Structure formats: structure tokens, C-alpha cells
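**Q** Have a look at this one.
The values are calculated or read from the model by the stated rules, or taken from the named source; none is laboratory data. In this text, all values refer to a predicted model and were calculated from it rather than measured experimentally. Here the Cβ positions follow ideal geometry from the backbone for every residue, glycine too, while neighbour counts run over all protein chains shown.
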Amino acid sequence: MAIRTSVTTNWAGTASCSPQRVAAPTSTEELVRIVAGATSMALPVKAIGAGHSFTPTAMTDGILIRLDRLDVGPLQFDTGTGRVVCSAGLTLHDLNHQLHRLGRALPNLGDIDVQTIAGATQTATHGTGHAHPNLAAGMTGFELVTAAGDVRWCSPDSNVELFHVGRVGLGALGLVTRVELETVPAFNLRAVETVEPLADLLADWTAFTRSAPHAEFFFLPGVDRVLVKRNTPTDAAPSVGTNRRTKAEKLLVENLAFGAAMRLVRRAPATRSSVLSLMSSLTSGATRVAPSHEVFASPRHVRFVEMEYGIPVDAVPEALERVRRLVDTLSDPPSFPIEVRVSAADGIPLSTATGRASGWIAVHRYQGTDHEPYFRGVESIMDDYDGRPHWGKMHFQTAATLRHRYPEWDRFIRLRDELDPNRTFDNDYLRRVIG
Ligand SMILES: Cc1cc2nc3c(=O)[nH]c(=O)nc-3n(C[C@H](O)[C@H](O)[C@H](O)COP(=O)(O)OP(=O)(O)OC[C@H]3O[C@@H](n4cnc5c(N)ncnc54)[C@H](O)[C@@H]3O)c2cc1C
């Protein structure tokens, strides 16, 4: 099915393109015909998920494919293995709800749930948790349409190399149509939010990372106390009555009030420190129990731009202190919190956490402010730790600066050369970051 459209823009407004054509195939056969036709005409093809990458990773001037109408049959749940097979274009939100009805859940999630499963996994999207790897590490199989128009099922038993490499493929190896994921029995989380001195958390960083299965904090530069979130699985029932109120408060404080505060700080920079202190006290103090997917993800109505780096987990306190000193030197300091998370290592060649337990430092700027001096400054600090930028978030790296940071980089490049020699799935972003 072809859709006429002029310009496609991502959520953050940081990337756009004018594709020759937007296609929303309804069957794998139709998708194969589109890809094979494009390859024979040397037309580039890209899939776009929910457009929630800050980088132009999903942009193309050729054929832009949306997979949200692809019919690959209903979600299939295997009671024996606990695995689920679903459409790659399904959003995490829809998957979570379907799993919940089956009494299942994903073990971990990031901050939002609007991404598609393919979009989230192709860029190594992660949540927080010292024992939890990123979402792609939970894949046990996927179906890929290659540039030649082949349809391949990839798993630890079939197309093994492609499975190993392609779970985090940046959309460079082909189009993912179906995904198989590990699930766990549905669980509730007890979410506890506190405000604590940053110095205390960093004084025993390892203890902090293990203080809950899912621990993170938000640090507002210029304010010494940070908002800490600790989520712990519990057998307790959801806290009846408070959930709706807590959700409404979160929506108000984390989005609407936060947006107003950011606008105030932009207009009157001298108010920055007091506004930020007030915001950090307003957003804290909540404790609730709710199904895991409701706790992990929350809506984001304030638009921002973001850069996030994965570094060796033990390097976080030092790196964060350097970022703090950097912010003190900026003529236009950021008023948006720095998010600090952790995740377990995995073995996927282009995963940002490949081979190392990672600490994540995510810096943000309110949409419309000049992010470059801040982001470049933070990036040069992260370079000293062999930092790996999130593939879906802003950064200034190139293939030349990145390749030595991934031990299995060449393995990915070899497979890409074999599968897509004519670069059907190329775009400007891929040319910059993988060559
Ligand atoms: C508000 C906000 C909050 C976020 N929170 C987090 C977070 O907590 N943790 C985190 O790690 N990241 C987070 N991100 C980043 C986000 O998870 C990633 O950028 C993710 O890739 C977005 O998914 P998407 O469906 O929008 O994919 P898109 O951005 O549309 O596409 C991403 C990439 O996947 C490719 N792709 C999409 N579909 C397919 C397919 N079917 N086959 C092959 N390739 C495909 C695209 O071509 C592109 O290269 C956040 C982003 C935003 C805007």
C-alpha cells in the first residue's frame, strides 16, 4: 500500500526527510516485492518505526517503509518456552498489553513504550538494572527480509551468524518483520522515589546500582540533591486508588509543570537554581505498586533533544563529576536533568553494552535551545572512557572514531557487505557511523 506524503520528521524534530515514496505493505510478500524492486533500481530503502530516534537513523530520500500494517498473523505465545512471536512493527505499548492479558511481561523496559519492537531493538534500547541487558538481548529469533528479497528466520539454530549480529542491526542488514522474545510471568513493581544527596550515591556507587533491581537517578546540574527511582518486583497488589492519582501527578509534574519551568528558566536564567530545586522536590516522594509496564514507562510530552553514552559502569562517578564541572563552565547551562542508569553486558557485536556492564549518562536540552556546546563537551569526556553513543540518540561520532570501541565491529561489517553489497539499506547516518 503506497501512501503519499511530503516530509517525514522524527519526534524530537531533529531529523527529517522527503522520501520518494512511503509504503506500508500489508504482507511479507508485498514487502519482498518492494525491496527487490528497489534493489534492482538502486533505490535506497529504510524502515521507520515510531520515529523516536533523535538521530536520522530512519531517514531516507528513497522508499520509506512503515510496518505497522504488516499482517504476520496474531501474536503467538509458547507456554512451554515462555517465548512470544509478534510483528516487528508492533509498539512496545501494544505488546505489553497483549502480554499482560496472557499473564506475561518483558523483564525490563526503558522510559517510554511508544517505540516499535524493531526500532527499539535495532538501536539497542535499554532500561536500567545491573542484572538486566538491553531489549535486543532478550530476542531469541527474528525474521529478516534481505536486500536480495530473501526471507530468513534467524535464531541460535538457523542463520546463526545473522542472528548473532542482526539483533542490533541499525536497520543496515535488512527489514525485520517478526520478532521472538523471551518473556517472564507478569509482575508488579514497587516504585519508590526519593531525593538524596548526589555525593552519597556516588560515594558507594556499586551499592547504589544494587540498591534495587532497577535503580536510576535524575541529576539536575546545579542542584546537589538528585531524584532517585528504585523499582523492585513485589508480590503486593497494585496500590488501589493511588495509581490513577500518581499517574496524573506524574503527567502534570514530569511533563506540563516541567515544560513550564523550562520555559521560565529560558526566559529568566537567574531563576534556574531555585526552579530546579523546586522541581526536584515536587517530583519526589511517591511510592506505588503497579504492573511492571505501567511503572517502567511514562508519557513524555515535553520535547527535548538527548545524547546518551554507555561507559564502563565503574567509571560513572568520575565521568559524572567531570560532566558536573563542565556544566559549571557553560555560558548557557542546561536546565534539564541528566539521567543515570546501568545495564548488564551482552554479546551482540554492535550493542552499546557489548562485552561490558554499562553505566549510562544521558544529557538533555529543552527543544529549541542550542545543545551543541554542552553535548560536544560531554562527548569529549565520554571519549576518555571509550564511550559508546546510543545509536538512536544524538552524537557526533563517525565510523573512524567508533570502530575500535566495538571488539566485533568487523564481524558486523563483513556480514553487511555480504548481505547488502549495493547498500539498499544505506542512508546518510549509516554512511557516517558505520562507513
Ligand atoms: C522520549 C524518548 C524516550 C526514550 N527513552 C529511551 C530509553 O529509556 N532507553 C533507550 O535506550 N532509548 C530510549 N529512547 C530512544 C529510542 O528507544 C530509540 O531511538 C528507538 O530506536 C526508537 O524506536 P522507534 O520505533 O521510534 O524506531 P525509529 O527511530 O523509527 O527507527 C530506529 C532504527 O530502527 C530501524 N528500523 C525500524 N524498524 C525496522 C524494521 N522493521 N527492520 C529493520 N530496521 C528497522 C530504522 O531504520 C532506524 O535505523 C527514547 C527516545 C525518546 C524520543
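**Q** Restricted to the range 212-225, and to residues that are in contact with a helix residue (DSSP H, G or I) (Cβ under 9 Å, 6 or more places away or on another chain) and assigned to a loop (DSSP other than H, G, I, E, B), which residue is farthest from the ligand (Cβ to nearest atom)?
**A** Our first condition is that a residue be in contact with a helix residue (DSSP H, G or I) (Cβ under 9 Å, 6 or more places away or on another chain); within the range 212-225, this holds for 214-215, 217-225.
Adding the requirement that they be assigned to a loop (DSSP other than H, G, I, E, B) leaves 220-224.
Values: LEU220: 18, PRO221: 20, GLY222: 23, VAL223: 22, ASP224: 25 Å.
Among them, the one singled out is ASP224.
**Q** Now a separate question. What strands (runs of 3 or more DSSP E), lying completely within the range 46-111, carry at least 2 residues that are more than 22 Å from GLY13 (Cα to Cα) and more than 12 Å from the ligand (Cβ to nearest atom)?
**A** Values: elements: 63-66, 76-78, 83-87.
In the range 46-111, 76-78, 83-87 are the strands (runs of 3 or more DSSP E) which contain 2 or more residues that are more than 22 Å from GLY13 (Cα to Cα) and more than 12 Å from the ligand (Cβ to nearest atom).
**Q** Among the residues of the range 344-352, are any touching a Pro at 6+ places or on another chain (Cβ under 6 Å), within 21 Å of VAL228 (Cβ to Cβ), surrounded by fewer than 24 Cβ atoms within 10 Å (Cβ to Cβ) and outside the structural domain of VAL168 (by TED's automatic domain parsing)?
**A** Of the residues in the range 344-352, the ones touching a Pro at 6+ places or on another chain (Cβ under 6 Å) are 344, 346.
From the residues that got through so far, the ones that are within 21 Å of VAL228 (Cβ to Cβ) too are 344.
So of that shortlist, the ones also surrounded by fewer than 24 Cβ atoms within 10 Å (Cβ to Cβ) come out as 344.
If we keep only those that are outside the structural domain of VAL168 (by TED's automatic domain parsing) too, we end up with 344.
Looking for residues that are touching a Pro at 6+ places or on another chain (Cβ under 6 Å), within 21 Å of VAL228 (Cβ to Cβ), surrounded by fewer than 24 Cβ atoms within 10 Å (Cβ to Cβ) and outside the structural domain of VAL168 (by TED's automatic domain parsing), one finds at least one in the range 344-352, hence yes.
**Q** Of the numbered conditions (1) in contact with a strand residue (DSSP E or B) (Cβ under 7 Å, 6 or more places away or on another chain); (2) in a helix (DSSP H, G or I); (3) more than 11 Å from the ligand (Cβ to nearest atom), LEU31 satisfies every one except a single condition; which is it?
**A** The number of the failed condition is (3).
**Q** Taking THR146, is it over 23 Å from the mean Cα position of the chain (by Cα), within 23 Å of ALA58 (Cβ to Cβ), modelled with pLDDT of 95 or more and buried (at least 19 other Cβ atoms within 10 Å of the Cβ)? Spell out how you get there, then give the answer.
**A** Details: over 23 Å from the mean Cα position of the chain (by Cα): yes; within 23 Å of ALA58 (Cβ to Cβ): yes; modelled with pLDDT of 95 or more: yes; buried (at least 19 other Cβ atoms within 10 Å of the Cβ): yes.
Judged against the criteria, THR146 is a match.
**Q** Quick one: would you say ILE361 is of a type in the set (Val, Ile, Thr) and either in contact with a Cys (Cβ under 6 Å, 6 or more places away or on another chain) or buried (at least 23 other Cβ atoms within 10 Å of the Cβ) (or both)? Before you say what the answer is, go through the steps one by one.
**A** Working: of a type in the set (Val, Ile, Thr): yes; either in contact with a Cys (Cβ under 6 Å, 6 or more places away or on another chain) or buried (at least 23 other Cβ atoms within 10 Å of the Cβ) (or both): yes.
Against the criterion (of a type in the set (Val, Ile, Thr) and either in contact with a Cys (Cβ under 6 Å, 6 or more places away or on another chain) or buried (at least 23 other Cβ atoms within 10 Å of the Cβ) (or both)), ILE361 qualifies.
For (1) free of Cβ contacts under 8 Å to residues at least 12 places away in the same chain; (2) under 18 Å from ALA212 (Cα atoms); (3) not in a loop (DSSP other than H, G, I, E, B), each residue gets a yes or a no:
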residue	(1), (2), (3)
HIS301	no, no, no
MET307	no, no, yes
PRO333	no, no, no
ARG341	no, yes, yes
TRP360	no, yes, yes
HIS364	no, no, yes
THR369	no, no, no
VAL378	no, no, yes
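**Q** Against the conditions (1) away from the ligand (no atom under 15 Å from the Cβ); (2) not in a helix (DSSP H, G or I), where does LYS393 fall short? Just the number, please.
**A** (1)
Listed here are the residues, each with its yes/no results for (1) crowded, with 21+ Cβ neighbours inside 10 Å; (2) away from the ligand (no atom under 16 Å from the Cβ); (3) in contact (Cβ under 8 Å) with a residue 12 or more places away in the chain; (4) not assigned by TED's automatic domain parsing to the domain that holds VAL340.
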{"residue": "ALA137", "(1), (2), (3), (4)": "yes, no, yes, yes"}
{"residue": "TRP153", "(1), (2), (3), (4)": "no, no, yes, yes"}
{"residue": "VAL179", "(1), (2), (3), (4)": "yes, no, yes, yes"}
{"residue": "GLU193", "(1), (2), (3), (4)": "no, yes, yes, no"}
{"residue": "LEU201", "(1), (2), (3), (4)": "yes, yes, yes, no"}
